[in-house]
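**Q** Input: one structure, supplied below.
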């Protein structure tokens, strides 16, 4: 997967690395090496044979050449296994490479290894945003402002109440993502998902390989893809939640409202033609992601009807799309964490806008709701 500047402006270097070509190749080589070593662990091949196979996987390959060969072959596994076997002098030992596995085992497990790393980044920065939102809500639990419904002036609330709504959305989305992350698991089923050719030791091999790769073991799921659909949906929901926060802040930052602003940074948020502008750039990242994510998740949903024991076209479409969802989610998440951590609030302007609306100033109930929400959040954690 090659990332061009114009195609991936809204993610992070860490997530780009997790789903980049170098990571994909590294994990593919690791899959083949650990498969051989796991087979030795349970007595399917000898330890000496496993060491030779693992050694063949230790040296890197030319990514560009391998990508071209994989495109020609129709799958990465064919090109990869061919090149690794050519490194082994004994043809009998060379044939043991990839024993009992199939192309989809390699593709799915590599994707899951990348997703595991990506999920760690989502969890880390999700906790960062959660903490920032709690801090902002605490600080402004009693700060009065104008509530707005149907984009019009409504009744008084506190800024803290608005922020606890954001917080509830983020917490719910992260909890859903954690639940759906159960889909990140080993794939090892062989040609038709029956684990044929493993002398009846398929389950033992899957368990040992899962341990070596630090993934949960699982029954083969070649044509049963609802786990990936759920994971994709949870990422899209997270992005949508972040887009809601971004949309609120962008509206509050409008010149005519001027209640809250993204943190200032040299060279960020300006305009090439209008130097007086202070554009909400972090919000732009999240809102752009929120437009794209639902359609990507829908692609994974569309891949659910996989034909027979291993489908044609469906699972091949999932990998790049799931990668894009992780990229968008982490880009939006880190952008909004930065925004919330440094959000500049103009309480005087909030008070002036509230006064101009002539709807009163009683925010006692709002403040009580903030206190309850923060107490519940602390209890949950």
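**Q** Among 139, 371, 281, which one moves the most in a GNM of the chain with springs linking Cα atoms closer than 10 Å?
**A** Of 139, 371, 281, the most mobile in the Gaussian network model is 139.
**Q** Can you give me the relative contact order of region 223-381 as a percent, contacts being Cα pairs under 8 Å and 6 or more apart? Could the numbers behind the result be given before it?
**A** On the way: 175 pairs, mean separation 49.6, N = 159.
Computed value for region 223-381: 31 percent relative contact order.
**Q** Listed highest first by mean packing, meaning other Cβ atoms within 10 Å per residue, what order do 186-193, 40-47 come in?
**A** 186-193, 40-47
**Q** Sorted by packing (mean other beta-carbon atoms within 10 Å per residue), highest first, where do 50-58, 88-96, 324-332 land?
**A** Listed from highest to lowest mean packing, they are 324-332, 50-58, 88-96.
**Q** Give me the one-decimal nm value for the distance between modelled label points at residue 92 and residue 341, 7 Å along each residue's Cα-to-Cβ direction.
**A** 6.0
**Q** What distance in nm separates the two pseudo spin-label positions at residue 279 and residue 42, each 7 Å out from Cα along the beta-carbon direction?
**A** Between residue 279 and residue 42, the label points sit 5.5 nm apart.
**Q** Using Cα pairs under 8 angstrom and six or more residues apart, how large is the relative contact order of the chain, in percent? Don't jump to the answer; show the numbers that get you there.
**A** Values: 570 pairs, mean separation 82.2, N = 381.
22 percent.
**Q** Determine, for each peptide in 72-81, 11-20, 142-151, the mean count of other beta carbons within 10 angstrom over its residues, then list the peptides with the highest first.
**A** Sorting 72-81, 11-20, 142-151 by mean packing, highest first, produces 11-20, 72-81, 142-151.
**Q** Just to be sure I understand the model, the point goes 7 Å from the Cα along the line to the Cβ. What's the resulting residue 351 to residue 21 distance in nm?
**A** Between residue 351 and residue 21, the simple spin-label model gives 5.9 nm.
**Q** Could you calculate the FRET efficiency of residue 378 with residue 155 from 1/(1 + (r/R0)^6), where r is the beta carbon distance between them and R0 is 25 Å, rounded to 0.05? Kindly include the intermediate steps, with their values, before the conclusion.
**A** Details: r = 28 Å, r/R0 = 1.11.
Plugging the Cβ-Cβ distance into 1/(1 + (r/R0)^6) gives 0.35.
**Q** Which option, (1) 21.3; (2) 23.2; (3) 20.7, is the value of Kirkwood radius over Cα pairs in Å that was calculated from these coordinates?
**A** Checked against the structure: label (2).
**Q** If you don't mind, another one. Give the calculated FRET efficiency between residue 308 and residue 203 to the nearest 0.05, with a Förster radius of 25 Å applied to their Cβ-Cβ distance. Intermediate results must be reported in sequence, preceding the final value.
**A** Numbers: r = 23 Å, r/R0 = 0.90.
E(calc), rounded to 0.05, equals 0.65.
**Q** Below 8 Å, C-alpha to C-alpha, sequence gap of six or more: please give me the relative contact order for region 125-200 in percent. Don't skip to the end; give the middle numbers.
**A** Numbers: 57 pairs, mean separation 18.9, N = 76.
Computed over region 125-200, the figure is 25 percent.
Coordinate-derived values only; no laboratory data. Small disclaimer: the values here were computed from a predicted structure and weren't measured. Positions of Cβ are generated from backbone atoms using ideal geometry, with glycine treated the same way; all protein chains shown enter the neighbour counts.
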